[in-house]
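> Questions regarding the structure given below will be posed in turn.
None of the figures in this text is laboratory data; all of them are computed from the coordinates on show. The model shown is predicted, which means the values in this text are computed figures rather than measured ones. Using ideal geometry, Cβ is built from the backbone for each residue, glycine included, and neighbour counts are taken over all protein chains shown.
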């Protein structure tokens, strides 16, 4: 199989294999209903705290929720294989690793983008946010880049998932960090200094900031720097994740630790 | 201890419900499942798992329900233990209908099934038993002694404080049996209790099962191990494809094939056409094929007094043939014949 | 009969609590996850001018874990038993299935108390939120009442979802809405009027009201009573649904081990 085919077909099939059980009964509550309520939760906390506008929280949480597919799904794709004990069989194939794993990432990115877009649109409607029509295209771009960048983190998490026993705890902790430390809900200047530095290295931080600026009327060009930084951060995580998996795979071949669930 | 056994038909006992001659009765039991296939265009299929099963078990009997996987054994037993409602037909335990009087029946039956599951992994064996003792209504004062008794019976004494997650298959099975007996039920249902257990462990389990009827209990055992049914059961019902194809004592079933002989032919790749030809021979009762690594074994059951080896081989013209032998039929042949004919 | 029922509930609760405590996953997730939400809320309130919302939120944040622990597991309580292979054994036991299931969800809610303690300590150490309990007795009553009534709500969820194999996803979906609408972090007054009856129908609303009242000096006993009353209503509704659900399961064989 050529790399391109491994990329596309392998990715799609593995996604369906692991999420074939994803019936609408799971998809709709977890990925469509829950984010709206998270948005509402923080909109009301925000009103109670009287710090920022409703729009601030809609955008912040709408984008942040993309981490559910981007981190959870991505982690499951690797750790899930281990659980189903198919990981060993896959890594034994001669398929080149990069297209293999990157191919698995593609449906995840699309899923993340869709979830974020849904949250932004529906959340915005429910809360009553108005965004200028010119902002739509740049918002799509920013959201897509954010989903891409978080999936990079997801790949790293997937690598860690090979070491850690309880991958669900890992994914939830990452979700929590993204909730607190990306400016999604807590304005960056309200964070203690050291946390603000952490925030600069997390996915979503720049994307969310860019999205807020765009919603307020900035053009795509104005936020290009932020978008670029977001993409770069995602790329760094992706590379780190890929390397980690590569190293672990080597290590496991020597020590037989791969299938230890 | 446990629950009142006032149902029993013993001299001197008067029970105003019918005094059942048969402890367990299955009367034309049927069970149909609806399943759906496909993800987009869902089609529903009706599968008849049990098609008119009838049998009865007398007090103190060890009754075997013998059949291959998918024959309907587990479905039948689930109807008897009140887990499933029959699509039609009736089932009675101790004279009471399992659907109408489910709770009454549940107090007086024990259910044990084979396999790894059915226990709380993170708890010790003792905690598991304590929990179920409470669920089964064993009096608080009796729980501790009863648990000790049962641990002794199944040979787990001394290991009861260990977590079940560390137990071997055989140990789990023994714990299952202990659990099923907590409330001292007069009727015990065992669903493939020795499946996956090592031979030594399985032998011990069978001894324990045999001791149940010694203690006066009535036992229904399902299994696909023919020798197990032969060794343990007073009577056997052979079930295949949801129907009972034969019933009787092991001796009676063997007698069905005791006369006659079996010709075994080693073949290397045989076609259905050739099998049909052999089946069509006069004097041939049944033909079965078993896979053995690179070759197959053709097992032909023949009427008594006939020498059919030559005729069989001539029908296999063109097929590579290895060793040929003939022997006496066993219960297994009877079983295979019954089950493959269904 | 009453003693038998009480014993059954007590033993069931102890056994399932033991199992939950031995699950690292449930434990850490139940404690750590709500802390993130609490921290986000605390950071948001801290930078505001008014100190009252922070105090209001700290107690509510502490109780978030009790609901979180319940909602995420209760819906799938039966699925878990099915997966373990014990569901058939529980259903064929002579004891009434409601008495077997109710302690399971109450045990889940009890695990949430760990989260409550952790959140209060976290709030104190990291954010300097002082907690003085005005009425200790009322507080000591309010917490178990909240746990029991949330457990009962979990019971209702478990029963409602008995037909759905994907119940865990539906249960998860309810985590946020109850946090929002029960006024854990924000006063009910902020919501539109039509939300009010929904809040009132939820036991957690009264539970957190009682806990706040006991801590900050209100009149919590009415709230405690209401929480318990609602718990009773959920239990009764659950039992009714259960009879029907179990019967349907026996007819359709949907209790089969997957």
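> Going by a ≥ b ≥ c, the root eigenvalues of the Cα gyration tensor, does the range A:111-261 fall in the rounded group (a/c under 1.5), the prolate group (a/b larger than b/c) or the oblate group?
Prolate.
> Another question, then. Ratio of Rg to Rh for the range B:123-174, alpha carbon only, Kirkwood?
Expressed as Rg/Rh, it is 0.96.
> What number, rounded to the nearest 500 deg cm²/dmol, is the helix-based mean residue ellipticity at 222 nm of chain C, given -39500 (n - 2.57) per DSSP H run of at least four residues and division by all its residues?
-26000 deg cm²/dmol
> Let me ask something else about it. Which percent of Cα pairs goes in each bin when the distances of the range B:210-327 are cut into 10 angstrom slices starting at zero?
Reading the bins upward from 0: 12, 34, 29, 18, 7, 1.
> In Å³ and rounded to a whole number, note down the convex hull volume per residue for the Cα atoms of chain B.
184
> What FRET efficiency comes out for residue B:234 versus residue C:32 if R0 is 51 angstrom and r is the Cβ-Cβ distance? Round to the nearest 0.05.
Step by step, r from the Cβ atoms, then E = 0.30.
> Report, in whole Å, the centroid distance computed from the Cα atoms of the range B:253-294 and the range B:140-192.
Centre-to-centre distance over Cα atoms comes out at 44 Å.
> Next up: Evaluate the relative contact order of the range C:187-245 (contact order divided by residue number), counting alpha-carbon pairs under 8 angstrom at least 6 apart; express in whole percent.
26
> Give me the distance in nm between label points sitting 7 Å out from Cα along the Cα-to-Cβ direction at residue B:69 and residue B:264, one decimal.
Here the modelled spin labels are 2.4 nm apart.
> Okay, moving on. Using alpha carbons only, how many degrees (0 to 90, rounded to 10) separate the axis of helix B:169-180 from the longest principal axis of chain B?
Orientation of helix B:169-180: about 50 degrees from the principal axis.
> Here is a further query. Just report the Cα centroid separation between the range C:1-56 and the range C:198-258, whole Å.
One Cα centre to the other: 16 Å.
> Mind pulling the angle between the C-alpha long axis of helix C:220-252 and the longest principal axis of chain C? Nearest 10 degrees, somewhere in 0 to 90.
Once rounded, one gets 30 degrees.
> Taking the Cα atoms only, what angle lies between the long axis of helix C:97-127 and the longest principal axis of chain C, rounded to 10 degrees?
Value to nearest ten degrees: 20.
> Sort the following peptides by mean Cβ neighbour count (other Cβ atoms within 10 Å, averaged over residues), highest first: C:241-252, A:173-184, B:329-340.
Order by mean packing, descending: A:173-184, B:329-340, C:241-252.
> Let me ask something additional. So for the protein assembly as shown, Kirkwood radius off the Cα pairs, Stokes-Einstein at 4 °C and 1.567 mPa s: how many µm² s⁻¹?
42
> Using a Förster distance of 35 Å, how high is the FRET efficiency between residue C:201 and residue A:127, based on the Cβ-Cβ distance and rounded to 0.05?
In this case the efficiency is close to 0.90.
> Evaluate E = 1/(1 + (r/R0)^6) for residue B:90 and residue B:200, where r is the Cβ-Cβ distance and R0 equals 35 Å; express this FRET efficiency to the nearest 0.05.
Result of the calculation: an efficiency of 0.30.
> Ok, one more. Which residue, B:219, B:23, B:319, has the most motion in a Gaussian network model of chain B that connects Cα atoms within less than 10 Å?
Evaluated over chain B, the most mobile residue of the options is B:319.
> Let me ask something else about it. How large is the helix-only mean residue ellipticity at 222 nm for chain B, computed as the sum of -39500 (n - 2.57) over DSSP H runs with n ≥ 4, divided by its residue count, in deg cm²/dmol to the nearest 500?
Dividing the helical sum by the residues of chain B leaves -9500 deg cm²/dmol.
> Moving on. 7 Å from Cα along Cα→Cβ at both residue C:130 and residue B:152: what's the point-to-point distance in nm?
So the two model labels end up 6.4 nm from each other.
> When a/c is below 1.5 the answer is rounded, else prolate if a/b is larger than b/c, else oblate, so apply that to chain C with a ≥ b ≥ c taken from the square roots of the Cα gyration tensor eigenvalues.
Prolate, because a/c is 1.5 or more and a/b exceeds b/c.
> For the range A:117-170, rounded, prolate or oblate, judged on the Cα gyration tensor with a ≥ b ≥ c (square roots of eigenvalues), a/c < 1.5 rounded, else prolate if a/b > b/c?
Oblate is the answer for the range A:117-170, as a/c is 1.5 or above yet b/c matches or exceeds a/b.
> For the range A:212-241 and the range A:29-55, compute the distance between their C-alpha centroids and round to whole Å.
Cα centroid of the range A:212-241 versus Cα centroid of the range A:29-55: 23 Å apart.
> In a GNM of chain B with a 10 Å cut-off on Cα contacts, which of B:35, B:74, B:222 has the highest mean-square fluctuation?
Highest fluctuation among the options: B:35.
> So, one more: In nm, to one decimal, how far is the modelled label at residue B:44 from the one at residue B:272, with both set 7 Å along Cα→Cβ?
Output for this residue pair reads 3.2 nm.
> If each residue of separation counts as 0.36 nm, what is the full-extension length gain between residue B:27 and residue B:325 once their alpha-carbon separation is subtracted?
Additional length available on full extension: 103.0 nm.
> If neighbour count is taken as other Cβ atoms inside 10 Å, put B:293, A:216 in order from fewest to most.
B:293, A:216
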